[in-house]
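The block underneath contains the structure these notes are about, expressed in structure tokens.
The values are calculated or read from the model by the stated rules, or taken from the named source; none is laboratory data. What you see is a predicted model; the values in this text were computed from it and never measured. Heads up, the Cβs are rebuilt from the backbone with ideal geometry, glycines too, and the neighbour counts pull from every protein chain shown.
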Amino acid sequence: MVGIGGASMSGLALILREKGHEVRGSDTMDSANVRMLRKQGIEVCLGADTDAVRSAELVVYTAAVSEDDPELRAAREAGIPVIGRAELLGRISSEFGQVAAICGTHGKTTTTSMTAQIMVECGMDPSVHIGGVLDAIGGGVRLGHSDIFLTEACEYRRSFMSLEPDHIVILNIDEDHLDYYRDIGEIEEAFGDFLRKLPDDGWALGYGEDPRIMRQLEKLPCDYETFGISGICDYHMNNIVEDEPGYVSFDMCYHGDAFGRVELSVPGAFNALNALAALALCHHMGAYMDLAVSAASSFTGARRRFEKTGELNGAELFHDYGHNPAEMRNAVYIARKRCKGKLWVVVQPHTYSRVKTLFDGYLTCTQGADVTLVTDIFAARETDPEDIDSGMIVEAMKKRGVNAIHTPGFEDAAKLIREGASEGDLVITMGCGDIYKLNGMLSEKTEEE
């Protein structure tokens, strides 16, 4: 498995191993996932290992790996089958009778995690694949004994098209991955193509207050239902209350009938919608709703989703995986609600192409913060085009009234935070690159430990 340390790849590696396959892999850097796999007895090489590849029967690679990768070249030269991560996920899911896929530009991991916890606590015994870590299932994957396979479905490079779903939940359709898609119209079209993979007896659930989603749902030959705040949606909320720290409670209703009161343990109105979608899917698949509502209320979040990592000088330290402006704006909103003093936001922009295509969104997504620190762009799979950098983001932020500072490296950001953060402040780092390492630099003691 080339790129075995990725969130999805590491989970798939564990599933394959549990199914009796011999698994080994490589990655470019050490990480928590690499260390976890090694503890599980899976051999991981840092850097290319073409000799190991030549003795494999199948090579799987992640989308972050380029086509001219030496291990992929070695496999093809040796005549060894090579498939992408998405195809492997599709093959694994095809072994189950009911495949439930949760898609959307953002919110997939949290909603899939919520659904997994509800299903487990309701005794539905699902197999689960999440692009993150959920303590309730002991990681990012779970192998159950029922015919249910619950998975995230990612739109990047249309990877969700490898799945053959029976149930689809679609949370939102927004701009992202514009290094691959032409525009929002093509993104909507891709989600529509995925929805149309449902069989005639399939079922879809979509956010009923999103016109893009509704356009695609209305084209389906199979049954579909909607969720949302408004009573016009099949699944909706009544008696919504948001407290001062941002935690939401609501009555979950289906066609006007209430199933119970959900009192969320994760903040944010967007998480109320995620919970409603998770509960709706579980209801459709036969969950006992008293247990389901209780399980949703007890959900405390997946790792790296507004996760508290420690404290510094009395200031709370958080990390959030959000890496496009919509996700970051949500994280800043709930951080502002929780913060009693100064709110520090550290943004690690992710990929040059995303910054260029969503540039305007970056400029305002941290307006709720007192201080915004912007590190250098995390390149991931890309090379520097030399026509965009974080200094340009910071200058444009300042013109929008944001108190932004360019801190190229983590030590630059850490120095300012150590000198300025105090009792009652909140520091949140945001991004899906390696920005989480800054939290470790600021505080050696974490809640996890």
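Tabulated results
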read-out: Odd one out for residue 355, checked against (1) under 20 Å from residue 105 (Cα atoms); (2) surrounded by fewer than 18 Cβ atoms within 10 Å (Cβ to Cβ); value: (2)
read-out: Hey, residue 68 of a type outside the set (Gly, Ala, Ser), surrounded by fewer than 14 Cβ atoms within 10 Å (Cβ to Cβ) and closer than 30 Å to residue 268 by Cα or not; value: no
read-out: Answer residue from region 374-405, given it is of a type outside the set (Val, Ile, Thr), crowded, with 16+ Cβ neighbours inside 10 Å and under 23 Å from the mean Cα position of the chain (by Cα) and is modelled with the lowest pLDDT among those; value: 378
read-out: In region 319-352, residue surrounded by the most Cβ atoms within 10 Å (Cβ to Cβ) [restricted to those that are assigned to a loop (DSSP other than H, G, I, E, B) and polar (S, T, N, Q)]; value: 348
read-out: Inter-residue pairs, beta-carbon under 8 Å, first free of Cβ contacts under 8 Å to residues at least 12 places away in the same chain and in region 148-169, second in a loop (DSSP other than H, G, I, E, B) and among the acidic types (Asp, Glu), 6+ apart; value: none
read-out: Filter result (surrounded by 19 or more Cβ atoms within 10 Å (Cβ to Cβ) and in contact with a Pro (Cβ under 8 Å, 6 or more places away or on another chain)) within region 358-370; value: 358, 362, 365
read-out: Unique residue being modelled with pLDDT under 95, farther than 19 Å from residue 133 by Cα and among the hydroxyl-bearing types (Ser, Thr, Tyr) when the list is 8, 55; value: 55
read-out: Among (1) closer than 22 Å to residue 167 by Cα; (2) in the same structural domain as residue 424 (by TED's automatic domain parsing) - the single one residue 277 does not satisfy; value: (2)
read-out: Test: residue in region 69-80 that is in contact with a strand residue (DSSP E or B) (Cβ under 9 Å, 6 or more places away or on another chain), within 30 Å of residue 212 (Cβ to Cβ) and not polar (S, T, N, Q); value: no
read-out: Residues satisfying the stated conditions in region 240-259, i.e. crowded, with 18+ Cβ neighbours inside 10 Å and farther than 19 Å from residue 286 by Cα; value: 246, 247, 248, 250
read-out: Which listed residue is surrounded by 21 or more Cβ atoms within 10 Å (Cβ to Cβ) and under 24 Å from residue 220 (Cβ atoms), from 140, 107, 132; value: 107
read-out: Candidates 118, 102, filtered to the one that is assigned to a strand (DSSP E or B) and modelled with pLDDT of 95 or more; value: 102
read-out: Members of region 146-161 that are surrounded by fewer than 20 Cβ atoms within 10 Å (Cβ to Cβ) and closer than 16 Å to residue 100 by Cβ; value: 146, 147
read-out: Members of region 171-192 that are within 20 Å of residue 209 (Cβ to Cβ) and part of a loop (DSSP other than H, G, I, E, B); value: 171, 172, 173, 174, 175, 176
read-out: Within region 238-268, tally of residues that are touching a residue at least 40 places away in the same chain (Cβ under 8 Å) and either under 21 Å from residue 110 (Cβ atoms) or of a type in the set (S, T, N, Q) (or both); value: 6
read-out: Some residue of region 300-307 being at pLDDT below 90, in a strand (DSSP E or B) and closer than 23 Å to residue 105 by Cα; value: yes
read-out: Selection within region 216-239 - exposed (fewer than 13 other Cβ atoms within 10 Å of the Cβ), aliphatic (A, V, I, L, M) and under 14 Å from residue 204 (Cβ atoms); value: none
